[in-house]
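Here the structure is laid out as structure tokens; the discussion comes afterwards.
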Amino acid sequence: MKKVLYIGNNLNNKTSNLSGIQILGPLLENEGYVMHYASSKSNKLLRLLDMVWTTLRLFKRLDIVLIDTYSTQNFYYALVISQLCRFLNLDYIPILHGGNLASRLNSHPKWSHLIFDNSKCNVSPSLFLKEVFENAGFKNIIHIPNTIKIENYPFEHRNYDAPKLLWVRSFSKIYNPELAILLFKKLKDTYPKASLCMVGPDADGSLNTVKALAHQHHLTVKFTGKLEKKQWVSLSKDYNIFINTTNLDNMPLSVIEAMALGLPVVSTNVGGMPYLIENELDGLLVQPNHASGMCSAVISLFNNSEKRAQLIDNARKKVEKFDWIDIKSLWANALSSNKGGNLS
């Protein structure tokens, strides 16, 4: 079986949710792949050095390297490791996660071509980024969706006596958590018994800002901090609407999980979201940073039970196709195909 080095943010701390490396890696292990990982170092420079050292130390024993590729500072990890792999004549596959990678393609075209033109292939979890890369002239972009084990997400029938909103994400400016508070404030005018729970770690200090905004508007909001997946899945039974407030997104796993759990999703219409949710068919999409629009969407779900039930049912059927049973063959194909080969 192939020996794989997975490069990514293998962190386990209070300020980060599970990353791709922590989800896909164990699934590949269970399929018999020999997996190595880098890096769990919290300091970014030490993390990069650990990635480089691990690649150098193991390269003679490796068949391929997977590289989680983001659009922020972590983009440089992909740049360094991809070029090191080229020097070592080692195949690598970037996995395109960054919702703002389109900006990187424009701002750093030479570096982008160094990474993505020389890879074995480029894996995009979202059709949105696949289209972005292909429109920018990049070849060999294959679509492998973010995956879940559907058995871990029990489909629940919920009580819709009052809106009980659930938000699950890191508290970060790009995810616009303040919008959840502004939506909640407006919703209270129509549904005084509405509630809001916000789950996730504080990534950049936004949590204090959100708490202050809730206090300013005299709102009682439940903040749980970071929860393990089983914990928030269990908690989700007490809520009946999932809200996604982000200003920038790709294919968020938390939204896929909400769809699997039978939570109707109201999301901002940004980035890859319309490629995941078809408005009015399996969820509702509204303009970003628009509390009134999001509030109206939530209320519409309560005013039309038939429409709500159809959205929920369609969403569950859609994400059942993301089950690992169906996705693992796509990864097997990507990992085994020849460089530059046809992976469609």
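The condition of being in a helix (DSSP H, G or I) and touching a residue at least 24 places away in the same chain (Cβ under 8 Å) does not hold for V65.
Consider region 201-213 and keep the residues that are in contact with a helix residue (DSSP H, G or I) (Cβ under 7 Å, 6 or more places away or on another chain) and over 19 Å from S19 (Cβ atoms). The one that is surrounded by the most Cβ atoms within 10 Å (Cβ to Cβ) is V210. When you scan region 39-57, how many residues do you find that are under 16 Å from Q83 (Cβ atoms) and either among the acidic types (D, E) or in contact (Cβ under 8 Å) with a residue 24 or more places away in the chain (or both)? Adding up the residues that qualify gives 6. Taking region 261-293 as the range and being within 21 Å of the chain's Cα centre (by Cα) and in a helix (DSSP H, G or I) as the test, the residues that pass are L261, M273, P274, Y275, L276. So is D50 assigned by TED's automatic domain parsing to the domain that holds I141, surrounded by 21 or more Cβ atoms within 10 Å (Cβ to Cβ) and among the acidic types (D, E) or not? No, not satisfied. Among the residues of region 197-228, those identified as closer than 25 Å to T72 by Cβ, among the hydrophobic types (A, V, I, L, M, F, W, C) and touching an Asp or Glu at 6+ places or on another chain (Cβ under 8 Å) are V210, L213. Scoring I21 on the criteria (1) within 19 Å of P201 (Cα to Cα); (2) over 21 Å from the mean Cα position of the chain (by Cα); (3) part of a helix (DSSP H, G or I) leaves a single failure, condition (2).
The residues listed here are K185, K139, K130, K211; of these, the one that is closer than 24 Å to L24 by Cα and either at pLDDT 95 or above or in a helix (DSSP H, G or I) (or both) is K130.
Select from region 76-90 the residues that are surrounded by fewer than 20 Cβ atoms within 10 Å (Cβ to Cβ) and in contact (Cβ under 8 Å) with a residue 24 or more places away in the chain and list them in ascending order. Passing the criteria: Y76, L79, V80, Q83, L84, R86, L88.
Among all positions in region 278-297, there is at least one residue which is assigned by TED's automatic domain parsing to the domain that holds P154, within 23 Å of G98 (Cβ to Cβ) and among the hydrophobic types (A, V, I, L, M, F, W, C). Filtering N244, N208 for residues that are among the polar types (S, T, N, Q), farther than 30 Å from N118 by Cα and under 18 Å from the mean Cα position of the chain (by Cα) leaves a single hit, N244. For region 101-139, what are the residues that are buried (at least 18 other Cβ atoms within 10 Å of the Cβ) and of a type in the set (S, T, N, Q)? Selection gives S112, S119, N122, S124, S126. Residues in region 214-260 that are surrounded by fewer than 19 Cβ atoms within 10 Å (Cβ to Cβ), part of a helix (DSSP H, G or I) and among the polar types (S, T, N, Q): Q216, Q231, S234. A162 meets each of the listed conditions (1) among the aliphatic types (A, V, I, L, M); (2) surrounded by fewer than 22 Cβ atoms within 10 Å (Cβ to Cβ); (3) in the same structural domain as W232 (by TED's automatic domain parsing); (4) within 20 Å of F322 (Cβ to Cβ) apart from (4).
The values are calculated or read from the model by the stated rules, or taken from the named source; none is laboratory data. For clarity, every value in this text was computed on a predicted model and none was experimentally measured. Here the Cβ is made from the backbone with ideal geometry for all residues, glycine too, and neighbour counts use every protein chain on show.
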